[in-house]
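Engineer: This is the structure, below, for whatever I ask next.
The values are calculated or read from the model by the stated rules, or taken from the named source; none is laboratory data. Everything numeric here is computed off the predicted structure, so don't read it as measured data. Cβ coordinates were reconstructed from backbone atoms using ideal geometry, including for glycine residues, and neighbour counts include every protein chain displayed.
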Amino acid sequence: MFLRNLRLLFIDDEPDFVEPLAAYLAQRYQHTTRVVPSMEAAQREVAREPADIIFLDYILPGSSGIEFLRWAADRALETPIIVMSGKGTEDVAVEAMKLGAFDYINKTHVDLDYLPIVINNAYERFVLRRANGEMERDKLARDREELAVKVFQDTVRAFVQRINDDLAHILLRLGMFRKGSTRTKLAQDPDLKQLLDEIEYSGRSMEAAVGALVQLNQTVTKLHDVEKRSVDLAAELDRVVRQLDEQRLKTREADGRQGPE
């Protein structure tokens with residue numbers, strides 16, 4: 001089964017050769033064909049509308065098909081290019097293949113029955129290569145996400161452990177100071193009392209933040225490790241920050257005081 005309805009671009013300055021060939025492929029296999037006579041015209045045409053397959057003459061006015069192949073390689077053009085030449089030498093084919101051409105046709109004896117096979121092979125190889133490339137990109141994206149999630153999880157665990165240790169020490173010392181100062185004149189100092197209240201408020205806010213980090217880590221672990229779903233770390237972190245801000249505002253309103261900014 002030969003492919004039909006492809007977009008074919010012919011780059012050739014010999015109308016007596018290329019126009020009948022393009023017309024035959026358009027009529028017999030319903031391909032959309034375009035013909036341009038030079039490398040410059042071909043570059044404009046490729047920029048205007050992509051092609052599924054390009055037929056490229058080896059000799060062009062003022063340049064060569066090799067220059068177009070180099071231009072296509074520099075721009076990572078994925079379209080299959082089939083080089084055509086009347087020279088009929090192996091050197092032309094080898095040079096073209098090294099620069100990324102998919103196939104080579106000798107213009108001196110084009111087999112119209114073989115031409116659809118050339119088109120099929122080139123396009124199927126192109127589709128396969130593109131699919132493999134997409135699979136590699138998908139794998140790379142998954143590997144990057146795996147690494148990002150692991151780094152995030154390890155970082156959260158380290159922060160939580162360090163903050164919990166320091167916070168427990170601060171709150172313990174604060175409680176001991178409050179208890180010891182009740183029997184001294186320090187207990188009557190309003191500035192000191194306000195300072196202690198602010199420190200305690202900040203400590204409780206830090207406790208809430210640590211709890212939110214733990215919950216965030218559990219959510220990320222569930223989404224990524226258990227449910228095997230993609231995780232938007234930035235979005236999850238933004239959600240937790242908003243929840244903390246809302247919780248902090250409610251706490252201030254309930255306490256009837258303003259904690260430190």
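Engineer: On the given criteria, is SER230 surrounded by 10 or more Cβ atoms within 10 Å (Cβ to Cβ), outside any helix (DSSP H, G or I), of a type outside the set (A, V, I, L, M) and modelled with pLDDT under 80?
Structural biologist: Spelling it out, SER230 is indeed surrounded by 10 or more Cβ atoms within 10 Å (Cβ to Cβ), outside any helix (DSSP H, G or I), of a type outside the set (A, V, I, L, M) and modelled with pLDDT under 80.
Engineer: Just to be sure before I move on: is LEU77 under 20 Å from VAL127 (Cα atoms) and crowded, with 16+ Cβ neighbours inside 10 Å in the structure I sent?
Structural biologist: yes
Engineer: Please tell me if LEU216 is surrounded by 14 or more Cβ atoms within 10 Å (Cβ to Cβ) and modelled with pLDDT under 80.
Structural biologist: no
Engineer: Let me ask something else about it. Output the number of the condition that MET97 fails; it satisfies all remaining conditions of (1) in contact (Cβ under 8 Å) with a residue 40 or more places away in the chain; (2) in the same structural domain as TYR24 (by TED's automatic domain parsing); (3) outside any loop (DSSP other than H, G, I, E, B).
Structural biologist: Here MET97 clears every test but (1).
Engineer: For LEU56, only one of the following conditions fails: (1) assigned to a helix (DSSP H, G or I); (2) touching a residue at least 12 places away in the same chain (Cβ under 8 Å). What is its number?
Structural biologist: So the condition that LEU56 fails would be (1).
Engineer: I'm told ALA51 meets every condition in (1) under 21 Å from VAL35 (Cβ atoms); (2) surrounded by 14 or more Cβ atoms within 10 Å (Cβ to Cβ); (3) over 28 Å from the mean Cα position of the chain (by Cα) except one. Can you identify the failing condition by its number?
Structural biologist: So ALA51 meets the others, but not (3).
Engineer: From (1) out of contact with any Ser or Thr (no Cβ under 6 Å at 6 or more places or on another chain); (2) among the β-branched types (Val, Ile, Thr); (3) touching a residue at least 24 places away in the same chain (Cβ under 8 Å), pick out the condition that doesn't hold for VAL92.
Structural biologist: Result: VAL92 passes all but (1).
Engineer: Is there any pair linking a residue in the range 5-22 that is farther than 18 Å from PRO80 by Cβ to one that is buried (at least 16 other Cβ atoms within 10 Å of the Cβ) and of a type in the set (Gly, Ala, Ser), with Cβ under 9 Å and at least six apart or on different chains, and which?
Structural biologist: Listed by first residue and then by second, the contacts come to ASP13/SER38.
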